[in-house]
Amino acid sequence: MSRFLNVLRSWLVVVSIVAMGNTLQSFRDHTFLYEKLYTGKPDLVNGLQARTFGIWTLLSSVIRFLCAIDIHNKTYVREGRALAELWLEIRLYHITLCTFFLALGHFLSELFVFGTAAPTVTVLAPLMVASSSILGMLVGFQYLEVEPGSRQKKRN
């Protein structure tokens, strides 16, 4: 496995662990969200919204952690009927990348569209983590695609 993919896997584990902490915080005390994150309109934050945010963060954390464990994980999905069948390769890597795009879109929309978040460190940090993770994972595609072929050549 390339050095870059090993660094990326370590990064995903760190991000996953931090997200687990955010999940626990969301369930423990929802004031964290309106005091630190959604300071633009704190009256919109309640316990239900905090727990929903916690579950969403937990799901993202689990997906990222599983990707770090098995970064080459993939499955095939069949679409269509009869002669028009199409097999799609879906990697856990793609799903993990989507979690970062969703996080980036969420925080950007809360900041610029809905006005529920202010440009503070606690909002800019997840934006930077999501952006750098997206960049790292996009670069990681070139290493991900090279490795399986080189493994097969060694076996043959």
Seminar exercise, completed: Largest-first ranking of 51, 91, 3 by accessible area, probe 1.4 Å, whole protein assembly kept, is 3, 51, 91
Seminar exercise, completed: Options [x] 18.6, 63; [y] 15.8, 46; [z] 21.1, 66 are given for Rg and Dmax of the Cα atoms in Å, and the computed one is [x]
Exercise. Tell me, what HN-Hα J-couplings in whole Hz come from the Karplus equation 6.51 cos²θ - 1.76 cosθ + 1.60 at θ = phi - 60° for each residue of the stretch 29-41, using x for Gly and Pro?
Worked result: 8, 6, 5, 4, 5, 8, 7, 10, 10, 9, 7, x, 9
Exercise. Just from its helices, what would the mean residue ellipticity at 222 nm be for the chain, if runs of 4 or more DSSP H residues each count -39500 (n - 2.57) and the sum is divided by every residue, rounded to the nearest 500 deg cm²/dmol?
Worked result: -23000 deg cm²/dmol
Exercise. If you build a Gaussian network model of the chain, linking Cα atoms that sit under 10 Å apart, which residue out of 77, 121, 129 swings the most?
Worked result: 77
Problem set entry | Rounded to 10°, Cα long-axis angle of helix 3-28 versus longest principal axis of the chain | 30
Problem set entry | Accessible-area ranking of 1, 137, 20, 128, largest first, probe 1.4 Å | 128, 1, 20, 137
For this session: Please report, in cubic angstrom per residue, the volume enclosed by the convex hull of the alpha-carbon atoms of the stretch 1-55.
Result: 79
Problem set entry | In sequence order, calculated HN-Hα J values of the stretch 94-103 (Karplus, 6.51, -1.76, 1.60; Hz; x Gly/Pro) | 5, 5, 5, 4, 4, 4, 6, 5, 5, 5
For this session: Show the residues, 5+ positions off or on another chain, whose built amide H is closer than 5 Å to the amide H of residue 39.
Result: 118
Seminar exercise, completed: Among 23, 99, 52, the residue with the largest mean-square fluctuation in a Gaussian network model of the chain built from Cα contacts under 10 Å is 52
Exercise. What is the Cα centroid distance between the stretch 1-30 and the stretch 31-52, reported in whole angstrom?
Worked result: 22
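The values are calculated or read from the model by the stated rules, or taken from the named source; none is laboratory data. Nothing here was measured: the structure is a model prediction, and the numbers come from that model. Quick note on the areas: whole protein, heavy atoms, side chains included, nothing else; ligands and nucleic acids left out. Shrake-Rupley method; radii C 1.70, N 1.55, O 1.52, S 1.80 Å.
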